[in-house]
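Please read the structure below before turning to the comments.
The values are calculated or read from the model by the stated rules, or taken from the named source; none is laboratory data. Predicted model only: the values in this text are computed from it and were never measured. All Cβ positions, glycine included, derive from the backbone under ideal geometry; neighbour counts span all protein chains shown. What goes into the accessible areas is simple: the full protein's heavy atoms, side chains included, and nothing from ligands, DNA or RNA. Shrake-Rupley method; radii C 1.70, N 1.55, O 1.52, S 1.80 Å.
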Amino acid sequence: MIIMQTFKQRKKRTWKKKLAYWFDNYLSHGATQQFIMLFVFILLVMLVFGCISWLLSATGSIGEGIWQSFLHLLDPGTISGTEGIRLIVPMAIVTVIGLIFTGMLISIINNALEEKLSSLKKGHSEVAEKYHTVVFGCNDDTYTIISEQIEANRNIVEDDFKHTNPCIVVLDDIEKEEMENRIKAHIPEFYNTQIICRSGNLTQENLYENVSLEEASSIIIRSNSDLIVLRIALAVGTYLRKFRGSAPHITTMVNDANSMNAVKTALEGYDTNVFYFEKWLARITAQACRQPGLSYVFTELLNYEDAEIYVEENDCDGNRLDFAGVSFEEAIGQFTQSTLIGVVRKDSVDGTDRMHIAPKPGFMIQKGDKYIVVADDDNMVRIDPNDVKKQKLDLDYRKAEYKDFDRQEMHLLVLSWNKGMPEVLMNLDEFVSKESTAKIVAMRKYKDIETVNGKLRNIDIDFTLVDNLYDKKYLDSLITEDITNILLLCRDDMSKEDADAQTMMILLQLRELIRERELQSGKRPDVIITSELTISDDQRLMQLTSVDDFIVGTEIANRVITQVANVPELKDVFEELLTANGADFYLRSISNYLNFNEGEDTIRIEFRDLVRVCYEHGDIVIGWLEENDGDVTYKCNPDKSQMHSFRESDKLIIISQVEYANI
């Protein structure tokens, strides 16, 4: 059997269809082509009807005919002045064409304006900025970053040519209008900072070109997904390699230690700081658990509202900070409105920066050292060179016998569990005595509990599996008299919203139990509550002004990211202060440094002299903390010439290389 196959003939396009296709394709290119087409058409009309007018008119030149044609195109009223029946008909046709031309022109202008406004509304227009900050992501974490950056920009002086008009560009794949509404809902005031939102694919080069990414001073990448961070890092690294010269500083944070190397490799060759969030949070959590009141110090130093940490060159805003060949002890007294806590020194072998925070007495400052200072603002880093000539108060009779105290004994109640808890316990294990315990209560078993228990030297772990951790009576039974600390964790095996909701439910019940016991006994139980929440809004909602109740979470991490984005050297400073290898923050009783005579309630002393007494033991005092009937008053970085009356129960905020237990 033979199968016959038929084929259709190819469609033949006539010249009319080809012309129509060309015409449609030309006009679709936008307003510019439409304007050109309209201009050419009007020019032809002027020439044709100008020639007709000249031929039909007994007088005049061809130029006058074209001019009359042009006038009839622009103004329909011109037809009333036309003389001669032969000219009225062609000029009437020109007048009608002029009306059509006017309508088309208005339509093109209107469409062009609508298209431009639509582009602006969608966030696709170009950003012609320099030295701006580019933030990837518009989410719960970046609101804190933007807020902190706005606060930092308030201190920018107008004569700083790079930052006269500070600008933050926020990128995300959601609509620009939605981004702006979200940011305004979380941050009501922008002060002198301009916030620009742009929408698009976060890994596309055209978006980077639109926001002048290569001209930015810093780039911050923040996302809850390490995969998204890695993709953006790869795209940013590829884009920046096309440009010569200095590139923006890049700061980002990952949630998994295994992602660190991948992100660093993607951004290799650039000035980059990649943080592992869990390690930093574990150290802060351990410190807040161990020393009630340090929460205020972390809150103060890790935001831009009051005192913060700076790294300053020899010449700071025209104020010469040249202490080469001078001892650290002599230099520390000359910083009147700021506190010198250490120096950054280039290693003579590999050229890397080395942190020397709270160095031992006798440490000499060298040429080229940078100064690590605590100040309310970078323009407050001033010295008083006459300090060395001032009369020093003889405090020898006041000095207390400085003792090394044993490690603290801690009995910790841990409610719930997550992947960051082993790191917290390892950090706590460095500071507590061998009699310390950790009672862990959770609603499921975790393998890493047994693993970390084998690594601890001083803490003995006891694990209890329960069905319901939210029962108030059961929680009350857990808070026995020997419990000194309660650590409430966010579960990581559920959504952030659900985990925070469960944590807040338990925290509210714990606070109610503490209040009930306080009413019964007339004294607040000596228990420190440290809670972890993952959503910034929840952290702000549940935060109390209490020395014994502190919330940790992403809020602190985002503040650290912002500070490092502005001053990259702070990464190493925070590594030194917030990890096991280096100096630490401590709260120490003032009686560890000064003697109180019998019957003496207070000692009035100039803070400069207190700084000198503390540093004789290698301890740098940056402030104090007082507590009166549960109300806490603290001060970081006071004026060194300020006189203050201290009570024996007051504590000093100390940075030191050596661990001593609190009195």
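Numerical summary
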quantity	calculated
Loop-resident sites, segment 156-261, for trypsin sites (Lys or Arg not before Pro), counting at most 16 other Cβ within 10 Å (DSSP)	Lys162, Arg241, Lys242, Arg244
Listed residues Glu626, Glu616 arranged by accessible area, highest first, probe 1.4 Å	Glu616, Glu626
Simple spin-label estimate for Asn165 and Leu99 in nanometres, 7 Å along Cα-Cβ	4.6 nm
Added length on full extension, which subtracts the Cα-Cα distance from 0.36 nm per residue, Ser649 to Glu268	132.0 nm
0 to 90° range, to nearest 10: angle between helix 277-290 axis and the chain longest Cα axis	30 degrees
In degrees, nearest ten, helix 554-566 long axis to first principal axis of the chain (Cα)	70 degrees
R0 of 25 Å, Cβ-Cβ distance Tyr470-Arg517: FRET efficiency to nearest 0.05	0.85
Selection of GluC sites (Glu not before Pro), segment 152-253, meeting DSSP coil and at most 12 other Cβ within 10 Å	Glu158, Glu189
Integer Hz, Karplus 6.51/-1.76/1.60 couplings in order for segment 131-138, x for Gly and Pro	6, 9, 9, 10, 10, 8, x, 10
Compactness of segment 193-305 - radius of gyration and Dmax, Cα, Å	16.7, 51
Probe 1.4 Å - accessible area at Val344, Å² to nearest ten	10 Å²
Long pairs among Lys439/Lys635; Lys130/Lys242; Lys130/Lys279; Lys447/Lys496; Lys472/Lys523, criterion Cα-Cα beyond 26 Å	Lys439/Lys635; Lys130/Lys279
222 nm mean residue ellipticity, helices alone, for the chain (DSSP H n ≥ 4; -39,500 (n - 2.57); rounded to 500)	-12000 deg cm²/dmol
Pairwise FRET efficiency - Leu113 versus Asp492, Cβ, R0 = 45 Å, nearest 0.05	0.35
Full-stretch length increase - Glu600, Arg231 - with 0.36 nm per residue and alpha-carbon distance subtracted	126.4 nm
5 angstrom amide H check on Ile486, placed H, neighbours 5+ away	Leu413, Ile528, Ile529, Thr530
Whole-angstrom Cα spans of segment 406-467 along principal axes, big to small	38, 17, 16
Cα shape, segment 436-477, gyration tensor, a/c 1.5 rule	oblate
Per principal axis, descending, Cα span of segment 285-377 in whole Å	39, 31, 24
Angle between the chain longest axis and helix 85-122 axis [Cα atoms, degrees, rounded to 10]	10 degrees
Options Pro638, Pro166, Val229, ranked by Cα towards positive dipole end of the chain, top entry (Cβ charges)	Val229
Label-point gap, in nm, between Thr352 and Phe39 - each point 7 angstrom along Cα→Cβ	6.3 nm
Restricting segment 445-527 to GluC sites (Glu not before Pro) in coil, as DSSP defines it, with at most 16 other Cβ within 10 Å	Glu481
Cα Rg over Rh - the chain, Kirkwood	1.18
Full-stretch length increase - Glu178, Arg154 - with 0.36 nm per residue and alpha-carbon distance subtracted	6.1 nm
